[in-house]
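For reference, the structure is listed below as C-alpha cells.
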Amino acid sequence: MKLFAVTGRPVFHSMSPQIFNSLFRLYNMDASYIRLAATTAEEVLSITKALRIKGLNITSPFKEDIIPFLDHLHDDALRIGAVNCVVNKEGKYIGYNTDSIGAVNALKKNNLNPENKNIAVLGAGGAARAAVFGLIKAHARKVTIINRTKKRAKDLASLMGCEYSPLELFKEVIPKSDVLISCIPCPLFVCDQDGFSNHLVVLDANYKNPLQTGHSKTQKHRIISGLEWLFYQAVPAFQYFTGMKINEGVQQKVKSELQKSQISDKPNVALVGFMGSGKTAVGRLLADKTGFEFVDTDALIENLSGRKINQIFQEKGEEVFREMERTVIKVEIPSYRRKVISIGGGAVLDPENRKIMNHNCHIIWLWNSIRTALKRIHAESRPLLNYPNPTKRAEKTLNERIPFYAELSDIVISTESGEPGDIVERIKNEMGQAFKN
C-alpha cells in the first residue's frame, strides 16, 4: 500500500483526506491518505522517510519551513518561495506549489476569470504568495497585497511585481476591488460589510474558520468557499503524486462528496500504534487532563481471563488471545462514552474491530520507530518479539500493521521524542473540540 499525507500545525481539521481517499477509492488504488501532526518541518521529513510516505501536502506553518529539507524545487515553488506539495521520487524529495493553480481555478470554475480584474489579497504568508503568483500569471489587471505587517506586504509586492497596502487602508482598497482573497490563518477581525460592494467576490482560504463578513443574512456580495481552493489545489497534487489526470466526471463526484462531508463527532478517543509507542502512559495522562476515563483493552482482557497477556499467549496461543480481544472490543467499546482507550497493537488486523473502533472513536496513531520501541520495552516480555532476532520480527510485524493504522487513524502523532505530557498537549491542541463534545 502506498501512503500519502497532509501535514501542518494544526492538521486535525484538514479535509484533504476526504479528497484523496475518495480518489484512491474511485481509481481502485491501493493507497491511503493520513493527517500527520508535527512540531517542525524537520520532524515532518523524518516521519515521512520512516513511513515511506510517497507524497505530502503541506499546510501552515510549514510551507516555507520545509524548503531547506527538500532535494529540489519545481520552478513555480522556487518563484513563490513556498511549497504545498512534496513528492518522494526514488528517495529524492521534490517540492511543488499547486496553491497558485488552486486559487485561480477556484475562481474560474465559479465563472470568474481573474484576467483584467482588480484583486485584493489579504495576508502575506505561503498561501498569499501562491495566490498572488497565480493571479499575476492569469493576467489580473491589478493585485494588491494587504497585510497587518506593512514590511511583509511591501517585500512580497516587490518580489511579485504588484502593489501593497497596510491593513489600516483596507476600507479604501476593497471598494476598488472585484475580488478579495483572504489568506489569513484565522479571522483576526470582522470586516466591515459596508465596504463590500455588491459585485465583490470573496474567496477565503480558511474553510474551517472563514473570514467573518458581518451579517450573513443581509450580505449581497458573493462568497466562494475555501473548499473550492482546497479541491482545485488537490487536483494537480494528485497528478504529481500518481502521474494520473482526474477526468471531469470524477472531479465533480469528489467535489460533491467533499462539500457534504465533515469530521464527525465521536464519543471516545482511541490510541493505536506499535508496542512501545506510549499508548498507556499518554492515554492515562490524556484522560486525566481532559476529564475522560482511561481504559486499556489489554487490561480488560487480563481482568476477564484472570491471566496476564504473556500467560494467555503461552498457554492458549495467539488465536485465543485475538478472540478475547475481539470480544472485549465488540462488547465494551460500543457502550463507551468519554473514554480514552488504549487499543492493543494487533487489534487493527481484524476488520470487525476496525469497524467498531472507527464508528465509536476518534483514532490517534501514536507512531514510533522500531529502534525506539525496542529501547522502551523488554522484547523477551512481549510474546510477538520473543524470538532470536527481535528487530527483524518487529519490522515484519509493524509493516503488516501500518496499512491498518493508516486506514483507521484520524491523525498521526510521533512519540519519538518528548515526555508523555508534551504528547498530550499536542493532542489537546490538535483535537481540543473532540474532548468538549
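Of a type in the set (Gly, Ala, Ser) and in a helix (DSSP H, G or I): is that true of Ala140 in this structure? The answer is no for Ala140. Scan region 314-348 for residues that are in contact with a helix residue (DSSP H, G or I) (Cβ under 6 Å, 6 or more places away or on another chain) and of a type in the set (A, V, I, L, M, F, W, C) and jot them down. Passing the criteria: Phe321, Met324, Val328, Ile329, Ile333, Val340, Ile343, Ala347, Val348.
The number of residues in region 239-278 that are in contact with a Gly (Cβ under 6 Å, 6 or more places away or on another chain) and in a helix (DSSP H, G or I) comes to 1. Taking the criterion of being in contact with a Phe, Trp or Tyr (Cβ under 8 Å, 6 or more places away or on another chain) and basic (Lys, Arg), the only residue of region 59-86 that qualifies is Arg79.
Among residues that are crowded, with 17+ Cβ neighbours inside 10 Å, among the acidic types (Asp, Glu) and touching a residue at least 24 places away in the same chain (Cβ under 8 Å), Asp30 is not included.
Within the set Ile145, Ile119, the sole residue that is assigned by TED's automatic domain parsing to the domain that holds Lys171, assigned to a strand (DSSP E or B), without any contact (Cβ under 8 Å) to a residue 60 or more places away in the chain and farther than 18 Å from Tyr96 by Cβ turns out to be Ile145.
Quick grid of which residues meet (1) of a type in the set (Asp, Glu); (2) surrounded by fewer than 18 Cβ atoms within 10 Å (Cβ to Cβ); (3) more than 16 Å from Thr7 (Cβ to Cβ):
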{"position": "Arg52", "(1), (2), (3)": "no, yes, no"}
{"position": "Gly55", "(1), (2), (3)": "no, no, no"}
{"position": "Ile58", "(1), (2), (3)": "no, no, no"}
{"position": "Lys63", "(1), (2), (3)": "no, no, no"}
{"position": "Asp71", "(1), (2), (3)": "yes, yes, yes"}
{"position": "Leu78", "(1), (2), (3)": "no, yes, yes"}
{"position": "Val83", "(1), (2), (3)": "no, no, no"}
{"position": "Val86", "(1), (2), (3)": "no, no, no"}
{"position": "Ile101", "(1), (2), (3)": "no, no, yes"}
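Mind telling me which of the residues Phe133, Phe69 ends up being free of Cβ contacts under 8 Å to residues at least 60 places away in the same chain, within 30 Å of Glu395 (Cβ to Cβ) and not β-branched (Val, Ile, Thr)?
Phe69
Take the residues in region 406-437 that are among the β-branched types (Val, Ile, Thr) and in a helix (DSSP H, G or I); name whichever of them is nearest to Ser60 (Cα to Cα). Among those residues, the one meeting the criterion is Ile427.
Only one entry in Gly81, Gly91 is farther than 25 Å from Glu248 by Cα and without any contact (Cβ under 8 Å) to a residue 12 or more places away in the chain, namely Gly91. The condition of being crowded, with 21+ Cβ neighbours inside 10 Å and aliphatic (A, V, I, L, M) holds for only one of Leu366, Leu304, that being Leu366. Among the helices (runs of 4 or more DSSP H) confined to region 36-99, the ones with at least 1 residues that are of a type outside the set (Asp, Glu) and under 14 Å from the mean Cα position of the chain (by Cα) are located at 41-50, 62-65. In the set (1) closer than 16 Å to Val235 by Cβ; (2) free of Cβ contacts under 8 Å to residues at least 24 places away in the same chain, the condition left unmet by Ser22 is number (2).
Residues of region 154-168 being under 16 Å from Asn118 (Cα atoms) and part of a helix (DSSP H, G or I), which ones? Residues satisfying the conditions are Ala157, Met160. Filtering region 107-158 to residues that are among the aliphatic types (A, V, I, L, M) and either within 26 Å of the chain's Cα centre (by Cα) or loosely packed, with under 15 Cβ neighbours inside 10 Å (or both) leaves Leu107, Val121, Leu122, Ala124, Ala127, Ala128, Ala130, Ala131, Val132. When you look at Lys108, is it among the basic types (Lys, Arg), under 25 Å from Ile58 (Cα atoms) and modelled with pLDDT of 90 or more, yes or no? Spelling it out, Lys108 is indeed among the basic types (Lys, Arg), under 25 Å from Ile58 (Cα atoms) and modelled with pLDDT of 90 or more. Restricting attention to region 34-47, the residues that are free of Cβ contacts under 8 Å to residues at least 60 places away in the same chain and in contact with a strand residue (DSSP E or B) (Cβ under 6 Å, 6 or more places away or on another chain) total 1. The single condition among (1) over 26 Å from Glu395 (Cα atoms); (2) small (Gly, Ala, Ser); (3) modelled with pLDDT under 95 that Ser335 does not satisfy is (3).
The values are calculated or read from the model by the stated rules, or taken from the named source; none is laboratory data. Since this is a predicted model, take the numbers as computed values, not measurements. Note that each Cβ is placed from the backbone with ideal geometry, even for glycine, and that neighbours are counted across all protein chains shown.
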